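Working notes, structure below.
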Number of protein chains: 2
Amino acid sequence: MKKYYIGCDLGGTNLRAGLVNIESGEISNLTSVDTLAREGHDAVMVRMVELFRHVLDATGIGIDQLGGIGIGVPGVLDLEKGETLFLPNLPGTWPHVPLRDTISQVMGVPVALLNDARSITYGEWRFGAGRGVDTMACFTLGTGVGGGLVINNRLHLNLGGTAGELGHQTIEPNGLMCGCGNRGCLEAYASASALTTLAFKAVTQGLTTIIGKMVDYDLNQINPKLVYQAALQGDEIAIGIFKEIGYRLGLAIGNIIVSVGPRKVVIAGGVAKAGEFILEPIRQTLKERVYVTRMDEVEIVQAQLGNNSGVMGVAMYTAETAG
Amino acid sequence: MKKYYIGCDLGGTNLRAGLVNIESGEISNLTSVDTLAREGHDAVMVRMVELFRHVLDATGIGIDQLGGIGIGVPGVLDLEKGETLFLPNLPGTWPHVPLRDTISQVMGVPVALLNDARSITYGEWRFGAGRGVDTMACFTLGTGVGGGLVINNRLHLNLGGTAGELGHQTIEPNGLMCGCGNRGCLEAYASASALTTLAFKAVTQGLTTIIGKMVDYDLNQINPKLVYQAALQGDEIAIGIFKEIGYRLGLAIGNIIVSVGPRKVVIAGGVAKAGEFILEPIRQTLKERVYVTRMDEVEIVQAQLGNNSGVMGVAMYTAETAG
């Protein structure tokens with residue numbers, strides 16, 4: 001097995017790639033460019049190839065030393081065919097785009113695709129908060145709520161890689177509409193936009209909170225980081241928002257614990273940076289709701305690798321499957 | 001590996017055991033005696049040993065030909081220690097009863113314990129409705145709602161064998177109290193007693209149904225089989241009750257599909273005998289709610305082995321782990 005793989009994170013806004021040393025998990029020359037997804041999938045693939053060549057040039061690694069390229073993709077994939085099926089956060093449609101084989105042919109190395117949340121899951125399991133356990137669940141709280149499972153020391157990828165969509169569990173049968181078409185998915189309650197909406201509503205309802213003042217009442221400026229800063233200053237509304245999201249997460253995590261029985265549950269993504277503000281209500285909810293298993297053997301922890309877990313994870317996954 | 005194992009099903013009412021040919025899945029001399037659980041765990045263990053000796057005598061199999069004994073237990077176990085922890089449907093408490101080692105010492109063969117629903121899961125996977133798929137979920141609808149998962153051709157037994165408790169997923173956060181201490185578990189909506197309660201209420205509320213007449217208005221006689229017979233006669237209330245239970249099951253099954261991605265979901269236990277009355281609303285619910293995966297690759301099917309799947313499954317499990 002070769003030592004170097006490129007890991008790439010295809011995001012709605014940024015396209016990021018770096019060279020990953022799969023023995024150490026170290027990333028070098030991580031580079032970010034605008035995705036410019038509105039230009040369409042062909043243009044994005046051209047930019048990808050440019051980015052990969054740039055990373056190789058910058059690191060001085062020849063193509064003969066490169067084991068392969070892994071691409072983390074935000075959406076539904078067909079892993080067998082190496083195609084994108086549905087990428088909800090990118091403009092335009094990407095139905096049956098042969099992303100894997102196109103990049104592989106142009107670059108001349110093996111390429112693997114993986115859902116972005118599963119990439120983060122694998123990165124955190126190999127090098128981050130999930131190290132050392134055989135079974136782990138990961139929830140990624142971002143624009144949407146993604147997820148992933150490692151079961152018996154294997155990334156769990158059933159049904160074409162769609163297994164692990166932990167954000168699309170129904171936690172409130174007659175609840176909020178979710179972007180997926182269902183009602184009451186966890187995603188509708190625990191994503192960054194769900195959080196922002198809660199804060200927005202609190203301000204417009206005139207509740208006692210410093211959030212409005214923090215953005216000079218330009219409510220479009222509200223974001224999860226700002227709500228976190230308000231919570232740090234003791235703002236009860238901000239703290240309550242994280243409590244609500246933690247409660248919803250607790251319901252979904254409880255369901256995964258009784259069914260799959262992970263030793264660790266890792267909370268990743270932007271919203272997870274709120275740390276104990278969100279972890280504490282998760283643990284409280286589990287304490288009140290999960291009785292039929294050994295809860296004392298399950299740890300709920302924050303992700304450790306920050307924004308780089310996806311790049312790291314998809315590179316590792318590529319090394320172990322396609323390289 | 002030896003060919004013959006005893007499989008035993010420890011129930012609240014009956015204690016059943018038979019000799020299982022683990023090559024063919026055939027059971028011989030299946031014998032049932034009263035559990036008499038009120039006499040306490042020591043008396044039950046004595047009855048077990050008598051039953052096992054009876055089965056051996058009846059089949060003419062010597063103890064030297066017996067590979068081991070598997071016992072399916074309705075409750076929470078400590079698989080590592082071979083102890084019972086909590087058996088909600090048996091009178092008296094069974095905390096830290098060393099069931100495995102006690103029976104093993106007296107009988108002189110290896111013994112394995114397994115939760116009863118996981119025993120059924122494994123039986124249906126090896127010899128029944130779940131044959132041939134690598135990943136399967138099973139829901140057992142009885143006094144309670146149990147469950148089990150086979151993942152990548154292995155019975156999934158994390159957290160001391162408690163993983164797979166699919167009936168204790170929260171499907172209605174502010175819902176009915178469940179016997180486990182949580183609110184809104186699937187079990188509170190889809191067990192035999194939940195079904196009976198729905199029928200009971202329909203009759204007392206004066207709804208138009210033949211159920212009351214069928215029991216001469218002795219409402220304690222209502223049971224799932226009777227509601228099924230009413231449904232067969234076109235009784236709309238009875239059909240509606242199975243629809244309601246199917247809907248609740250659909251919520252929980254949907255959550256398992258998006259997270260674990262089984263190829264088959266097997267519905268077992270008494271309530272499952274209603275067949276399409278319950279399978280059809282499950283499929284309808286999944287159609288309306290599950291979007292992010294390949295639903296066309298997931299089959300929802302009725303169990304095939306009837307009451308013997310647990311005896312068969314726990315014998316097979318014992319052969320593969322303890323024998």
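A few comments on the model shown:
- A:T143 in contact with a Pro (Cβ under 9 Å, 6 or more places away or on another chain) and under 26 Å from A:V46 (Cβ atoms): yes
- Residue, nearest to the other protein chains (Cβ to nearest Cβ), within the stretch A:231-250, restricted to residues that are crowded, with 24+ Cβ neighbours inside 10 Å and of a type in the set (A, V, I, L, M, F, W, C): A:L249
- Against the numbered list (1) in a strand (DSSP E or B); (2) touching a Pro at 6+ places or on another chain (Cβ under 8 Å); (3) more than 18 Å from A:A163 (Cβ to Cβ), A:V133 comes up short only at (1).
- For B:G269, the criteria (1) more than 19 Å from B:G142 (Cβ to Cβ); (2) within 20 Å of the chain's Cα centre (by Cα) hold in every case but one, which is (1).
- So B:R131, is it buried (at least 21 other Cβ atoms within 10 Å of the Cβ), more than 14 Å from every other protein chain (Cβ to nearest Cβ) and closer than 21 Å to B:V311 by Cβ: no
- Test: residue in the stretch A:155-173 that is over 28 Å from B:G246 (Cα atoms) and assigned to a strand (DSSP E or B): yes
- Each residue in the stretch A:144-188 was checked for being at the interface with chain B (Cβ under 8 Å from one of its Cβ atoms), crowded, with 24+ Cβ neighbours inside 10 Å and touching an Asp or Glu at 6+ places or on another chain (Cβ under 7 Å), and 2 of them qualify.
- In summary, strands (runs of 3 or more DSSP E) completely within the stretch A:30-129 and bearing 1 or more residues that are under 15 Å from the mean Cα position of the chain (by Cα) occur at A:66-73, A:76-78, A:111-115.
- Here A:T209 clears all of (1) away from chain B (no Cβ under 14 Å); (2) surrounded by fewer than 19 Cβ atoms within 10 Å (Cβ to Cβ); (3) not small (G, A, S) except the condition numbered (2).
- B:Y291, sole failed condition from (1) within 14 Å of chain A (Cβ to nearest Cβ); (2) outside any loop (DSSP other than H, G, I, E, B): (2)
- Residue that is nearest to A:K225 (Cα to Cα) [pool: residues in the stretch A:185-199 that are among the hydrophobic types (A, V, I, L, M, F, W, C) and outside any helix (DSSP H, G or I)]: A:L186
- Yes/no for A:T285 being in contact with a helix residue (DSSP H, G or I) (Cβ under 7 Å, 6 or more places away or on another chain), within 14 Å of another protein chain (Cβ to nearest Cβ), among the polar types (S, T, N, Q) and not in a helix (DSSP H, G or I): no
- Residue in the stretch B:115-128 that is more than 14 Å from chain A (Cβ to nearest Cβ), at pLDDT 95 or above and either touching an Asp or Glu at 6+ places or on another chain (Cβ under 8 Å) or within 25 Å of B:L226 (Cβ to Cβ) (or both) present: yes
- Lone unmet requirement of (1) under 25 Å from B:K264 (Cα atoms); (2) more than 14 Å from chain B (Cβ to nearest Cβ) for A:A192: (1)
- Close Cβ contacts (under 9 Å, 6 or more residues apart or on different chains) running from residues in the stretch B:212-236 that are more than 10 Å from B:A199 (Cβ to Cβ) and touching a residue at least 24 places away in the same chain (Cβ under 8 Å) to residues that are among the basic types (K, R) and outside any loop (DSSP other than H, G, I, E, B) comprise B:K225/B:K273; B:Y228/B:K273.
- Matching entry among A:R53, A:R38 (being at pLDDT 95 or above and not polar (S, T, N, Q)): A:R53
- Odd one out for B:R263, checked against (1) touching an Asp or Glu at 6+ places or on another chain (Cβ under 9 Å); (2) away from every other protein chain (no Cβ under 14 Å): (2)
- If you filter the stretch A:310-323 down to residues that are at pLDDT 95 or above and touching a helix residue (DSSP H, G or I) at 6+ places or on another chain (Cβ under 9 Å), you find that the one that is nearest to A:L195 (Cα to Cα) is A:G310.
- Filter result for the condition that a residue is β-branched (V, I, T), at pLDDT 95 or above and under 16 Å from B:V76 (Cα atoms), over B:V133, B:V111, B:V150, B:V97: B:V97
- Filtered residue count, the stretch B:283-300, keeping only those that are in contact (Cβ under 8 Å) with a residue 24 or more places away in the chain and either surrounded by 17 or more Cβ atoms within 10 Å (Cβ to Cβ) or among the charged types (D, E, K, R) (or both): 12
- Residue count, the stretch B:134-143 (criterion: more than 8 Å from chain A (Cβ to nearest Cβ), touching a strand residue (DSSP E or B) at 6+ places or on another chain (Cβ under 8 Å) and among the polar types (S, T, N, Q)): 1
- Between A:D64, A:D78, the distinction of being touching a helix residue (DSSP H, G or I) at 6+ places or on another chain (Cβ under 8 Å) and modelled with pLDDT under 95 belongs to A:D78 only.
The values are calculated or read from the model by the stated rules, or taken from the named source; none is laboratory data. If you're wondering where the values come from, they're calculated on a predicted model, not measured in any experiment. For neighbour counting, all protein chains shown are included, and Cβ atoms are generated from backbone atoms with ideal geometry for every residue, glycine included.
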